[in-house]
């Protein structure tokens with residue numbers, strides 16, 4: 001590799017990644033606040049009322065970003081799991097375990113806000129249609145991943161077992177995404193997708209995209225904080241951890 | 001081949017096999033995964049007979065009739081090709097409108113009348129302010145008069 005390029009593999013070592021993550025976290029929190037405030041302002045005050053649903057539609061400003069995040073975090077988790085299995089790097093497993101609780105939170109938020117919207121709009125809290133059921137399976141996959149990892153004491157073995165589960169579960173992601181296309185579902189099709197122009201009023205779309213960015217930044221900030229804690233816990237016997245000024249008391 | 005290439009190949013191969021298995025399973029359960037049947041499917045005999053199932057489609061414009069008791073309603077579910085009358089006693093969801101999506105659970109009688117025990121509104125993927133909706137409605141009306 002040429003010398004001008006950044007050597008990304010350097011950051012695969014927990015020792016170099018730990019301070020880097022520490023430096024990045026405040027920036028991601030700042031961006032979370034900026035995008036979140038802008039998104040909420042547009043969502044509550046600028047975006048017009050929906051012609052059909054009235055004010056109740058405003059739940060999409062949480063529901064859609066949370067659902068996107070729940071699927072995307074799983075893909076990132078599976079990516080780290082595959083890297084961990086392939087390269088045998090320690091940090092990959094730590095990244096996967098750091099992402100899981102946030103992913104579970106997002107899946108739960110998606111199901112919960114969906115139920116709150118479903119009762120007044122559809123007339124029911126819950127139906128067993130393909131979209132809702134596959135999202136529930138995603139939530140259980142996250143919980144299963146967390147439970148499996150905490151059931152195994154040896155962190156290296158826990159990482160491997162978790163990685164296999166994460167990779168097996170990844171088939172569920174396209175099922176969630178395309179469920180509304182492949183089968184008749186009660187859940188409506190995508191309002192925003194890569195292949196066609198969004199079927200949404202402009203300001204509603206802006207509010208939703210800003211909230212999605214805020215959710216991204218939040219997820220990154222929280223996961224980096226969590227991965228730092230995991231690094232400290234697992235590397236506590238390493239020399240560099242013992243020399244860290246911030247943990248000496 | 002280095003050991004790590006081997007491991008990546010294993011992971012890739014495993015995912016491919018898993019994906020194929022999932023695709024086959026989903027394909028096999030196709031008929032169990034649909035949430036509702038469209039009137040066309042029911043007319044073609046694809047819906048289960050003698051058992052409860054769900055019918056989904058649009059509420060035909062001008063087909064909603066209320067009985068004097070205020071709770072019993074009858075309307076026609078259409079997918080623009082075929083249509084079935086549906087009878088229901090109970091409270092309709094807020095988004096239930098003529099010309100909009102609906103999913104009803106119940107049984108199809110011998111006389112072709114679908115007796116529903118539950119009616120759900122199906123929202124579409126369009127989100128727009130009332131003015132835009134008004135404009136769309138006007139455009140539809142204009143298109144209709146041109147056709148006539």
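Yes or no, residue by residue, for (1) within 14 Å of another protein chain (Cβ to nearest Cβ); (2) surrounded by fewer than 20 Cβ atoms within 10 Å (Cβ to Cβ); (3) over 30 Å from residue A:48 (Cβ atoms):
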position: B:67; (1), (2), (3): no, yes, yes
position: B:98; (1), (2), (3): yes, yes, no
position: B:118; (1), (2), (3): yes, yes, yes
position: B:130; (1), (2), (3): yes, yes, no
Check the range B:27-34 and report whether any residue there is modelled with pLDDT under 90, at the interface with chain A (Cβ under 10 Å from one of its Cβ atoms), assigned to a loop (DSSP other than H, G, I, E, B) and in contact with a strand residue (DSSP E or B) (Cβ under 7 Å, 6 or more places away or on another chain). no
Please verify whether the range A:81-88 includes one or more residues that are in contact (Cβ under 8 Å) with a residue 12 or more places away in the chain and closer than 18 Å to residue A:207 by Cβ. no
Only one of (1) part of a helix (DSSP H, G or I); (2) modelled with pLDDT under 90; (3) under 17 Å from residue A:211 (Cα atoms) does not apply to residue A:67, and that is (2)
Looking at the range A:83-93, is at least one residue crowded, with 17+ Cβ neighbours inside 10 Å and more than 22 Å from residue A:21 (Cα to Cα)? yes
Helices (runs of 4 or more DSSP H) (entirely within the range A:105-191) containing at least 1 residues that are away from chain B (no Cβ under 14 Å): A:130-151, A:155-169
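Given A:43, A:54, A:86, which one is modelled with pLDDT under 95, more than 21 Å from the chain's Cα centre (by Cα) and on the phi > 0 side of the Ramachandran plot?
Of A:43, A:54, A:86, the one residue that is modelled with pLDDT under 95, more than 21 Å from the chain's Cα centre (by Cα) and on the phi > 0 side of the Ramachandran plot is A:54.
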Test: residue A:11 is surrounded by 13 or more Cβ atoms within 10 Å (Cβ to Cβ), under 26 Å from residue A:230 (Cβ atoms), at pLDDT below 90 and out of contact with any strand residue (DSSP E or B) (no Cβ under 7 Å at 6 or more places or on another chain): yes
Test: residue in the range A:174-184 that is surrounded by fewer than 16 Cβ atoms within 10 Å (Cβ to Cβ) and touching a helix residue (DSSP H, G or I) at 6+ places or on another chain (Cβ under 7 Å): no
Please pick out the residue among B:21, B:16 that is at pLDDT 85 or above, within 10 Å of chain A (Cβ to nearest Cβ) and assigned to a helix (DSSP H, G or I). B:21
All conditions in (1) more than 24 Å from residue B:103 (Cβ to Cβ); (2) at the interface with another protein chain (Cβ under 10 Å from one of its Cβ atoms) are true of residue B:37 except (1)
Residue check for residue A:171: crowded, with 17+ Cβ neighbours inside 10 Å, at pLDDT below 85 and under 20 Å from the mean Cα position of the chain (by Cα): no
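The values are calculated or read from the model by the stated rules, or taken from the named source; none is laboratory data. On a predicted model such as this, the values are computed, not experimentally measured, just so you know. Don't worry about glycine lacking a Cβ; one is built from the backbone with ideal geometry, like all the others, and counts go over all protein chains shown.
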